[in-house]
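Novice: Once you've had a glance at the structure underneath, I'll fire off some questions.
What follows is calculated from the coordinates using simple rules that are stated; it is not laboratory data. Only a predicted model underlies this, so the values are computations on that prediction, with no experimental measurement involved. We place every Cβ from the backbone using ideal geometry, glycine too, and count neighbours over all the protein chains shown.
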Amino acid sequence: MAELERVRGWLLAHDGRADIVLGTRLAVFTPLARLGLVVVDEEQDASFKQREGVRYSARDLAITRAHIAGASVVLCSATPSLESFRHATSGKYELVSLTRRAIDRAALPAIRLVDTRVHPPQEGIVPPLLEALAARLARGEQSLVFLNRRGYAPTLACPACGWVKGCRRCSANMVVHLAVQWLRCHHCGLAEGIPRACPECGNPDLQAFGRGTQRIELVLGEKFPQARILRVDSDAVRTRNRLEDLLERATHADILVGTQILAKGHHFERLTLAGVLNADSGLFSSDYRASERTFAQLQQVAGRAGRSNLPGEVLIQTRYPDHPLYQSLVRHDYTGFAGSLLAERREAGFPPFVFEAALRAESRDSVRALRFLRSAIGRAPQRGASITVFDPAPMSLARLAGVERAQVLLQSRSRPRLQAFLREWSDSLYRTPAHGVRWHLDVDPIEF
C-alpha cells in the first residue's frame, strides 16, 4: 500500500468516517473511536509477531485493546494456535466450531498419503501425483503443486570433495537461481554468480542438490508440454501490482506451482487437486512448534482444493505415512492432533503450560555476545524456583547478515512472576557494559 493511501485510511479511521478497517498487524494501532469488534483472521500465523524494532504480538495486542474498549474479539482459524485452543477448550474463550465450508456444495477434500518408499519420486514427483495431474488436465480442471522452497535448488555442492557453497554473511547455504545464473542467500539477500568450478578442488562438475519451485516448474513443463504452468512465489512477486497480475493469470493456468503465498486464502473454483512435495521437512526440526506449524500449513494447502462444486483431492508425498501428524490430517482431525500436542507440551514443560522470554545479544564477534549474556545472568535478580534461566547458546541461525546471534532462554509457570523478573532485570541490563553488543528482550519468542 502506498504511503499516501495508508495515511488517508488512517485519517478516515481517526475521524470516525471508517466503519470497517482492514489491515495487517500494523492496523491494530489504528485509532477507532467506536471500536466494537476485532476480528483476527488466521490467528495462529507467525506473521502477527513483530520481531524487529518495537516487538509485539498483533494478535495479543488486539485482544488487549478490545478488552480495554469493551469490544468483542473473534479469533478465526481452521488450525488455532495451541495457546488459543487451550483457552477455548478450558473455558477462558468461547469455542465456536464451523462444521461445513463456506460454500454449501463444497466438501472437505480427500487427503491421500503417497509413500515415497513404494512410489519413488521421478525428478521430485511421485508417479501417482503425475497421473493425478494428467487426469485433471484431461478434465480441464486446475491443480496446485506446493513446495515451500523457492529457487531452483537449495544447495550447490561439489560431489568430488564435498564442498558446499555457504553464505559468507550467514550460517546458511546459498540457493541456486538457475534462470538468472545467480546464487542467493534467502536470509540476508546476498547474491553471487555461480562459480565455474569448485574453489576447493577445481572440479568443474558442480551439482545443484534438492529442488525448489523453479526446478519443479521446469520438470512439469517437460512432463506436460501442453499445460499452462504458472509459478507463484516471492521471486515472481516483487510488487503489489505484480501479485495482482499473477493471481489474475492464475485463474486461467492449468497447473500452479507455488509456496505458502498460494496457500493462504486464495479461491480458485476449478482447482481440484493439491500435491504437496517435501512435507517431511517439518517433522525433523529442533523447534518444538514445527509440527504445529506443519499441520497448519498442510491444512491450508488442502483447503485450496475442492472449494466449489467439484470434489477436491490432496496428495502428500512422504516417507512416513503412519506418522500421527499425517494420520490426523487425513481424518481432518485438528482437535485430536492438538490434544496430543498439548499432552506432549505439558509433559515436556513447553508453552502453553509455561511462559517464555529470551534475552538476545548480537555482535560482530560471537565471543562478545556470549560474554555479555553470561554477565547479564550474573546481574540477574534473585529468581528462586519460579524462574528457570538457561545457559547462553547460539541461535539456530547463529550468524545473520554478518552479525553473530546468541540468546538466553527463560521459563516460568507464572506470567506475573516472569514479568516482574524481566522488569527488574531490564533495569540492570541497561547498566551492564555492552561494548560492541546490541541486546533486546523478546517475550513469548517464536524463533530460537
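Novice: Tell me the mean residue ellipticity at 222 nm calculated for the chain from its helices only (DSSP H runs of n ≥ 4, each -39500 (n - 2.57), averaged over every residue, nearest 500).
Specialist: So the helix-based figure for the chain works out to -9000 deg cm²/dmol.
Novice: Based on the alpha-carbon gyration tensor of the range 153-210 and its eigenvalue square roots a ≥ b ≥ c, which shape applies: rounded if a/c is under 1.5, prolate if not and a/b is larger than b/c, or oblate?
Specialist: prolate
Novice: For the charge dipole of the chain, defined by +1 on Lys and Arg C-beta atoms and -1 on Asp and Glu C-beta atoms about the Cα centroid, which residue among 375, 182, 208 has the Cα displaced farthest towards the positive pole?
Specialist: Sorting the options by dipole projection puts first 375.
Novice: Continuing with the same structure: Is the chain rounded, prolate or oblate when judged by the Cα gyration tensor, a ≥ b ≥ c being the square roots of its eigenvalues, rounded requiring a/c under 1.5 and prolate requiring a/b larger than b/c?
Specialist: oblate
Novice: Only Lys, Arg, Asp and Glu count, each charged at its Cβ (+1, +1, -1, -1), so figure out the dipole size of the range 1-152 about its Cα centre, rounded to 20 debye.
Specialist: 100
Novice: Cα to Cα, under 12 Å, and not fewer than 8 places away if on the same chain: which aspartates and glutamates meet these conditions relative to residue 49?
Specialist: 60, 442, 444, 447
Novice: Taking the Cα centre of the range 241-292 as the origin, how large is its charge dipole in debye, to the nearest 20, when only Lys and Arg (+1) and Asp and Glu (-1) carry charge on their Cβ atoms?
Specialist: 20
Novice: Which ³J(HN,Hα) values in Hz, rounded to whole numbers, follow from the phi angles of the range 409-424 under the Karplus curve 6.51 cos²θ - 1.76 cosθ + 1.60, where θ = phi - 60° and Gly and Pro get x?
Specialist: So the Karplus estimates, Gly and Pro as x, are 9, 10, 9, 7, 7, 10, 5, x, 5, 5, 5, 5, 4, 5, 4, 5 Hz.
Novice: Find how many whole Å separate the alpha carbon centroid of the range 400-441 from the alpha carbon centroid of the range 236-299.
Specialist: First find each Cα centre; the distance between them is then 36 Å.
Novice: How large is ³J(HN,Hα), in whole Hz, for each residue of the range 215-221 in order, when computed from phi with the Karplus curve 6.51 cos²θ - 1.76 cosθ + 1.60 and θ = phi - 60°, using x for Gly and Pro?
Specialist: Karplus values, whole Hz, x for Gly and Pro: 5, 5, 4, 5, 4, 5, x.
Novice: Follow-up question, since we're still on this one. Charges only on Cβ, +1 for Lys and Arg, -1 for Asp and Glu: so what's the dipole of the chain about the Cα centre, in debye to the nearest 20?
Specialist: The dipole of the chain has a size of about 820 debye.
Novice: Oh, and also: Along Cα→Cβ, 7 Å out, is where each label goes; now give me the distance between the ones at residue 112 and residue 5 in nm to one decimal.
Specialist: Result: 4.2 nm between the two label points.
Novice: So who's got an amide H within less than 5 Å of the one on residue 228, skipping anything under 5 residues away but keeping other chains? H placed 1.01 Å off N, in plane.
Specialist: HN-HN under 5 Å from residue 228: 254, 255.
Novice: For the chain, give the share of DSSP beta bridges that are antiparallel, in percent and rounded to the nearest 5; count only bridges with both residues there.
Specialist: DSSP beta bridges in the chain are roughly 55 percent antiparallel.
Novice: Okay, next question. Local charge sum around residue 88 (other residues, Cβ-Cβ under 12 Å, Lys/Arg +1, Asp/Glu -1)?
Specialist: Working: positive: 86, 92; negative: 43, 83, 94.
Charge balance in the 12 Å sphere: -1.
Novice: Here's another thing I want to ask about it. For the chain, give me every cysteine whose Cβ has no other Cys Cβ within less than 4.7 Å, ordered by residue number.
Specialist: Here 76, 188 come out as lacking a disulfide-compatible partner, given the Cβ-Cβ threshold of under 4.7 Å.
Novice: Which FRET efficiency, nearest 0.05, do residue 123 and residue 284 yield, Cβ-Cβ r, R0 22 Å?
Specialist: E(calc), rounded to 0.05, equals 0.45.
Novice: Once a ≥ b ≥ c are taken as the square roots of the eigenvalues of the Cα gyration tensor of the range 355-443, is the result rounded (a/c under 1.5), prolate (a/b larger than b/c) or oblate (a/b not larger than b/c)?
Specialist: Because a/c hits 1.5 or more and a/b exceeds b/c, the range 355-443 counts as prolate.
Novice: While we're looking at this one, here's another question. When Lys and Arg each count +1 and Asp and Glu each count -1, what net charge do the other residues less than 10 Å away from residue 254, Cβ to Cβ, add up to?
Specialist: Result for the local shell: +2.
Novice: Please report 45, 115, 233 as a ranked list, fewest other C-beta atoms within 10 angstrom at the top and most at the bottom.
Specialist: 115, 45, 233
Novice: Here's another thing I want to ask about it. Between residue 14 and residue 340, what length comes free when the chain is fully extended (0.36 nm per residue of separation minus the Cα-Cα distance, one decimal in nm)?
Specialist: Extra length available between residue 14 and residue 340 comes to 112.9 nm.
Novice: Once Lys and Arg get +1 and Asp and Glu get -1 on their Cβ, which of 296, 318, 284 lies farthest toward the positive end of the dipole of the range 282-323?
Specialist: 296
Novice: Report ³J(HN,Hα) in whole Hz for each residue of the range 33-44, in order, from the Karplus equation J = 6.51 cos²θ - 1.76 cosθ + 1.60 where θ = phi - 60°; Gly and Pro get x.
Specialist: Per-residue couplings from phi come out as 6, 10, 4, x, 8, 10, 10, 10, 7, 6, 4, 7 Hz.
Novice: Expressed in nm to one decimal, what extension gain is obtained for the pair residue 67 and residue 54 from 0.36 nm per residue of sequence separation less their Cα-Cα distance?
Specialist: Stretched fully, the residue 67-residue 54 segment lengthens by 2.5 nm.
Novice: Rounded to the nearest 0.05, what FRET efficiency do residue 99 and residue 432 have when you use their Cβ-Cβ distance and R0 = 56 Å? Could the numbers behind the result be given before it?
Specialist: Working: r = 55 Å, r/R0 = 0.98.
That gives a FRET efficiency of 0.55.
Novice: What distance in nm lies between label points placed 7 Å from Cα along the C-beta direction at residue 245 and residue 139?
Specialist: Here the answer is 3.3 nm between the modelled labels.
Novice: Then there is this: List 266, 67, 119 from most exposed to least, where exposure is judged by having the fewest other Cβ atoms within 10 Å.
Specialist: Details: 266 18, 67 11, 119 15.
With the sparsest Cβ surroundings first, the list reads 67, 119, 266.
Novice: In what order do 89, 318 fall by count of nearby beta-carbon atoms within 10 Å, going from fewest to most?
Specialist: 89, 318
Novice: Let me ask something additional. Run the simple label-point estimate for residue 47 and residue 424 please: 7 Å along Cα→C-beta, distance reported in nm.
Specialist: 4.1
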